[in-house]
Amino acid sequence: MRNFIYLAAFAFIFPFYSKSEPTGNLVQKFPKPLGISIWSNPSYIRYHHDSKPAELNRLFLVFGHKETDIVNRLGQPINRSKRKDEDRHKPGRKITYTQLFYPGLTIELSTNHDSRTHVRRLFITNCDIPSSFQVYLCSPVASFTEKIGEPSIDTDSELIYLITIGDMGSVPLRIMTADGIVTGIYTKNFID
């Protein structure tokens with residue numbers, strides 16, 4: 001009950017929870033896909049793997065590489081889900097996706113058939129979780145862009161940085177904004 005009251009108060013104080021689709025337990029889900037092809041426009045700024053946006057994107061590892069590391073650092077999650085899906089690189093093999101839900105933080109891990117686990121993606125909106133994200137979260141957008149650089153795409157509610165990883169591919173770093181403040185950071189590992 002105490003967790004529910006805390007989460008309800010948190011959701012009231014920080015309305016950006018509505019962007020992250022709360023469920024009945026106020027568990028934060030990942031942002032919806034953009035719904036546009038962000039890679040097809042050659043005029044968008046592209047950042048390389050050694051850029052400031054790429055450094056921020058790599059913070060997805062700040063809480064640990066495996067579930068035990070994350071739980072040791074943050075405690076037990078308020079919720080946990082698990083699903084299996086086809087490995088698109090190795091047909092007939094499965095990948096297990098585990099999502100760990102904390103107040104204002106969702107982390108997804110992927111475990112392949114060889115039992116190798118990777119942090120796949122992370123979405124953080126809680127400015128009070130001690131981490132390197134605190135430098136960026138809840139800061140003014142103007143201050144954020146001074147540190148990181150101009151976004152590839154700037155919408156009313158999101159800054160998107162397109163990061164190229166050598167010749168392997170790209171990932172988007174998504175920064176949620178509201179009223180001129182950074183309200184959420186969605187990072188994604190290149191490994192799927």
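Read-outs throughout are calculated quantities, based only on the coordinates presented, and are distinct from any laboratory measurement. None of these values were measured; they are calculated from a predicted model. Methodologically, a virtual Cβ is constructed for each residue, glycine included, from the backbone with ideal geometry; neighbour enumeration extends over all protein chains shown.
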Number of the condition not met by Ile175 [criteria: (1) of a type in the set (A, V, I, L, M, F, W, C); (2) under 14 Å from Lys52 (Cβ atoms); (3) surrounded by fewer than 19 Cβ atoms within 10 Å (Cβ to Cβ)] = (3)
Those residues of the range 110-154 which are more than 14 Å from the chain's Cα centre (by Cα), of a type in the set (A, V, I, L, M, F, W, C) and under 16 Å from Asn57 (Cβ atoms), in sequence order = Val135, Phe144, Ile148, Ile153
Residues within the range 129-157 that are out of contact with any Lys or Arg (no Cβ under 8 Å at 6 or more places or on another chain), surrounded by fewer than 20 Cβ atoms within 10 Å (Cβ to Cβ) and in contact (Cβ under 8 Å) with a residue 24 or more places away in the chain, tallied = 10
